[in-house]
Amino acid sequence: MTTAAAPKAQPSDLISQIIYAVRLMGVAPIPRNYQLFYEAYIGSNPDLTRDLAALGNRANQEELDELSHRHVGTGQATVIENAHTRILGELDSLLKILRQEQNSLQSYSKLLGETAQRINSKSNFSSELLSNAISLLSEATGTTLAHGEKTAGGVEQRSQEMDQVRRELDEYKRIANTDSLTRIANRRAFDERLAGVYNNSAVLPLTALVLADIDNFKKINDSFGHPVGDKILATVASVIRSNVRKEIFVARSGGEEFAMIVEGNTPEEVLIICERVRRALETRTFRNSRSGIEYGPITISLGFAMGSQAEDPGELYANSDTALYHAKNAGRNRTVFFEDGMRKDYIGKGWLIYQK
């Protein structure tokens, strides 16, 4: 894909072209934008390619998201999330009303008990007065209790039904946020989690974004085919997930790239986590159990930055991405921590020599 404002000399490989185009158009370097440009560049959707080119330079995020909604298919997940939020709110409101009514019944029963105690403690009530009082209370109580028993009986049933609906809605949202191939969080879930990193500035110095990319993955696909590549992606995801703490967020952020959001750790501790994952993959055997063919060694390169090194999620992603590219260009199969000055080289050179 080219635009009217594109310079004569452009990066030669697909990945570099996408990075170059994102930077040229002033687009935020976040996963969903990279995905959109990738779909446009591979040419599988001519309408998307045409519409993206028509935006020209400096397209805003709303325009890009509208293209994603129309051509890439993110609308369904958004509808699920909106329905999930709205229906859960309605369920909570209904439960609140039912429980208030149940509380009112309990208060009325308590009042009746106190009244009975007071009547029993008095000796100057006439038989006629007691008879009339009991008659009135009996009538009122019969009506109220009949209604109250019906309400109370329905509360538990409705609560169970609503809990079932809530579980189903939660499951739909989980599916919408899960990558079908690797069974970890998908790019949409990653975007949401990354956006929330800056909600609490106090934790930013101990919050890291780690990006990890499988080395030479294109060669693997070209040599053994995409079905083998898919199995390797799933295995890599499993190895990453099993070698980090449960509370660390792990996602497939796109293609052969994975992301981790690590909270509560210093840069030195994040480096240890990254190296544990890297070594686990480096020493793992990737072999076809039937044919005995080995697909490995499979390695990954990792780059990470701390939240305090950026002003917003887009800049944090760009910093981690820059560190990842430094790891690739330094020989792959290593971890690099982002440092000031890296972005200058990254933007200036465009990483024309970068190869996955």
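Any idea what the dipole of segment 14-73 comes to, in debye rounded to 20, about its Cα centre with Lys/Arg Cβ at +1 and Asp/Glu Cβ at -1?
That gives a dipole near 200 debye.
What's the FRET efficiency of D222 with N200 using the Cβ-Cβ distance as r and R₀ = 45 Å, to the nearest 0.05?
After rounding to 0.05, the efficiency reads 0.50.
DSSP loop (so not H, G, I, E, B), at most 14 other Cβ within 10 Å: list which GluC sites (Glu not before Pro) in segment 287-328 pass both filters.
Qualifying residues, ordered by number: E311.
Counting pairs on different chains as well as pairs 8 or more places apart, how many Lys pairs in segment 187-349 have Cα atoms under 24 Å apart?
Total qualifying Lys-Lys pairs in segment 187-349 comes to 9.
Laboratory data are not the source of any read-out in this text; all were calculated from the coordinates shown. Quick caveat: nothing in here was measured; it's all calculated off a predicted structure. Backbone-built Cβ (ideal geometry, glycine too); neighbour counts: all protein chains shown.
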